[in-house]
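Readers should treat all values here as calculations from the given coordinates under stated rules, not as data from a laboratory. If you're wondering where the values come from, they're calculated on a predicted model, not measured in any experiment. A quick note on method: Cβ atoms are made from the backbone with ideal geometry, for glycine too, and the neighbour counts reach across all protein chains shown.
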Amino acid sequence: MTNKTIKIVVAISGTGRSLENMISRENSNKCLYQVVGVISSSGSCKGVEIAKHYKLPLYIDTFKSSLEIEEIEKLREWLNNSKADYIVLAGFLKKFPLLNPWKNDRIINIHPALLPSFGGKGMYGAKVHQAVSKSGVTTTGATVHFVNEKYDEGQIISQVKIEITPHLDFESIGKKVFEKECQLLPETLNLLAEKKLPLEDRSVYQIKS
Ligand code: GRF
């Protein structure tokens, strides 16, 4: 492990595909992050099985809209013990509490479209790709952004763009986008580890697809 390596905790709610992708790249010598724990808003999703398979520390909570102070403190303590530098929301469908010291620039989310388009409350998974397909746009992609109190509205850090034929079926869009997400998220984490992101002028870093 180099001293550039950052520790990340990944928060999930479902299949954990992004989690698995991040873990699978950890042994490459280009990887500058290490997954040190998983937070799940469901005790029975596939992502939890992945966390158990890799023997990662696991934190499960329903993340109902109004977390009690004790629950917040329990989560903070777990995160402190994990020594996480960043919290990465990857398919996490609830509001993540903006805890010190991670709030502002240490909690990031990946969204499967080019924000600020096709984002916001209720826009997740297939719903995003259905809206993209219906709209007839010819460019979509994925976005990594800092998390703030509003769904998908935090500062955009990086994006990847892909060309699609207008009204391509949503399943095909989802497949193409996820392939690129598998590149975007690890590359963004590496650049965060190297302190090359976010870009100083707050412009959006575009990865080559
Ligand atoms: C990805 O498409 C990501 O953009 C979004 O959730 C999906 C990953 O969730 N935020 P999962 O790994 O399939 O549960």
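The convex hull around the C-alpha trace of the stretch 1-98, projected and averaged over every direction, spans 6.1 square nanometres.
Taking amide H atoms as placed 1.01 Å from N in the peptide plane, the amide H of ILE6 lies under 5 Å from those of TYR33, GLN34, each 5 or more residues away in sequence or on another chain.
Could you tell me what fraction of 2.2 N^0.38 Å the Cα radius of gyration of the stretch 69-120 comes to, as a two-decimal ratio? Don't skip to the answer; put the middle values down first.
Details: Rg = 12.7 Å, N = 52, 2.2 N^0.38 = 9.9 Å.
For the stretch 69-120, the normalised Cα radius of gyration comes out at 1.28.
The 3J(HN,Hα) values that the Karplus relation (6.51, -1.76, 1.60; θ = phi - 60°) gives for the stretch 143-155 are, in residue order, 9, 10, 9, 6, 9, 10, 6, 10, 3, 6, 10, x, 3 Hz. Gly and Pro appear as x.
The share of C-alpha pairs in the chain whose separation exceeds 22 Å stands at 47 percent.
The trypsin sites (Lys or Arg not before Pro) of the stretch 48-101 meeting both criteria, a DSSP state outside H, G, I, E and B (loop) and at most 12 other C-beta atoms within 10 angstrom of the site's C-beta, are LYS55, LYS64, LYS83. Simple point charges give the picture: +1 on the Cβ of Lys and Arg, -1 on the Cβ of Asp and Glu, and for the stretch 83-197 a dipole about the Cα centre of about 280 debye.
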